[in-house]
Amino acid sequence: MIAVRNASYCYPDEGQFALKRISLDIKEKEILGVIGRNASGKSTLARLLNGIIIPVNGQVEVDGLDSAVPENIELIRQKVALLQSEPDNQLVSNIVEEDVAFGPENLGLESNEIRKRVDTALQMVSMEDYAKYPPYLLSGGQKQRVCIAGMLAMQPKYMILDEPTTMLDPQGKKDVRRTLAKLKQEQSLSIIVISHDFDELLQTDRLVIIDQGEIILEGNSRDLLVQMDVLRSVGLKGLEITRLIEEINKSGYGIAKNILNANRLVEELCRLK
Ligand SMILES: Nc1ncnc2c1ncn2[C@@H]1O[C@H](COP(=O)(O)OP(=O)(O)OP(=O)(O)O)[C@@H](O)[C@H]1O
Ligand SMILES: [Mg+2]
């Protein structure tokens, strides 16, 4: 478990706290979404969770390891992998499989163990056919999946994806979303998805809404993602389907606002007379 206890963070030379008294438990194998407007503190939280930064007040513990203890940092970073939105900054080698092998090699693992991890990781993200490709020939979505494979090859317990599809085209977004669904099905690690993409967040089990450095609400993702009043109050626009239902209901209809599936909405609309 990652336990965040009353943690606050202020960047050096900044007057304002980027995170204020955050308390949050991230359990093993859970799929957690984090949402909030720009500059609300999401990426800062990600950095706090994997020990890149240390809280100025409060505590972050990863499987009992306090991130304020310098000797714990290496192990914390191994346990908690962090992927940021720009794949080009994270790819370091000229060949896909070498890139995925980079982390395990640094762990000093034996070559057949490295081979096994690389093959499994590339299969997990459906990029095994591209093992010998140079990354520059790949699309943004493919690059991002190679980055995810690189993280998986390290066998982390927790994986944080900080806006993994922001830089991608619609096909790339779809592919990464599919990868997420596959990882979720495997149930081998906790995944924390920071995103502005409501469809991506629909794949999460629990959702945390952050505003101005504070957690303002947390709960079941499917319940929270249709609460337009709450979302609007923190500057978020909500799911397209929920907004559409809202518009239709303005004309006096009473379609349930928790419908998340287009086919179901069509059925409901056909029933209207
Ligand atoms: N390296 C940094 N140095 C100083 N201040 C920073 C740094 N990174 C972030 N901040 C500040 O901390 C606050 C929270 O930023 P953060 O990047 O965590 O927000 P975010 O929710 O990830 O935003 P976005 O949706 O734009 O990615 C902002 O006020 C930001 O300006
Ligand atoms: Mg961010």
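Miscellaneous remarks
- The residue of the range 84-97 that is nearest to ligand 1 (Cβ to nearest atom), among those that are in a helix (DSSP H, G or I) and buried (at least 17 other Cβ atoms within 10 Å of the Cβ), is PRO87.
- The residue of the range 9-26 that is nearest to ligand 2 (Cβ to nearest atom), among those that are in a loop (DSSP other than H, G, I, E, B) and either at pLDDT below 95 or crowded, with 20+ Cβ neighbours inside 10 Å (or both), is ALA18.
Rundown of residues vs (1) farther than 30 Å from LEU49 by Cβ; (2) part of a helix (DSSP H, G or I); (3) touching a strand residue (DSSP E or B) at 6+ places or on another chain (Cβ under 7 Å), yes/no style:
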position	(1), (2), (3)
GLN155	no, no, no
LEU168	no, no, no
LYS173	no, yes, no
ARG177	no, yes, no
LYS257	yes, no, no
CYS270	yes, yes, no
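- Residue check, GLN212 surrounded by fewer than 17 Cβ atoms within 10 Å (Cβ to Cβ), within 16 Å of ligand 1 (Cβ to nearest atom), in contact (Cβ under 8 Å) with a residue 60 or more places away in the chain and not hydroxyl-bearing (Ser, Thr, Tyr): yes
- Across the range 44-83, the qualifying residues are those that are polar (S, T, N, Q) and in a strand (DSSP E or B), and the one among them that is farthest from the chain's Cα centre (by Cα) is ASN57.
- Total residues in the range 185-201, condition more than 14 Å from ligand 2 (Cβ to nearest atom), in contact (Cβ under 8 Å) with a residue 40 or more places away in the chain and either over 25 Å from ALA121 (Cβ atoms) or surrounded by fewer than 18 Cβ atoms within 10 Å (Cβ to Cβ) (or both): 5
- Check on GLY108, small (Gly, Ala, Ser), in a helix (DSSP H, G or I), out of contact with any Ser or Thr (no Cβ under 9 Å at 6 or more places or on another chain) and more than 16 Å from ligand 2 (Cβ to nearest atom): no
- Qualifying position, being assigned by TED's automatic domain parsing to the domain that holds LYS42 and either over 30 Å from LEU109 (Cβ atoms) or at pLDDT below 90 (or both), among ILE194, ILE241, ILE215, ILE248: ILE215
- Qualifying residues in the range 202-214 (those that are in contact with a helix residue (DSSP H, G or I) (Cβ under 9 Å, 6 or more places away or on another chain) and assigned to a loop (DSSP other than H, G, I, E, B)) - the one farthest from ligand 2 (Cβ to nearest atom): ASP205
- ARG77 in contact (Cβ under 8 Å) with a residue 40 or more places away in the chain, farther than 20 Å from ASP205 by Cβ and more than 9 Å from ligand 1 (Cβ to nearest atom): no
- Residues satisfying the stated conditions in the range 27-43, i.e. within 12 Å of ligand 1 (Cβ to nearest atom) and in a loop (DSSP other than H, G, I, E, B): GLY36, ARG37, ASN38, ALA39, SER40, GLY41
The values are calculated or read from the model by the stated rules, or taken from the named source; none is laboratory data. Everything numeric here is computed off the predicted structure, so don't read it as measured data. Neighbour counts run over all protein chains shown; Cβ positions are idealised from the backbone, glycine included.
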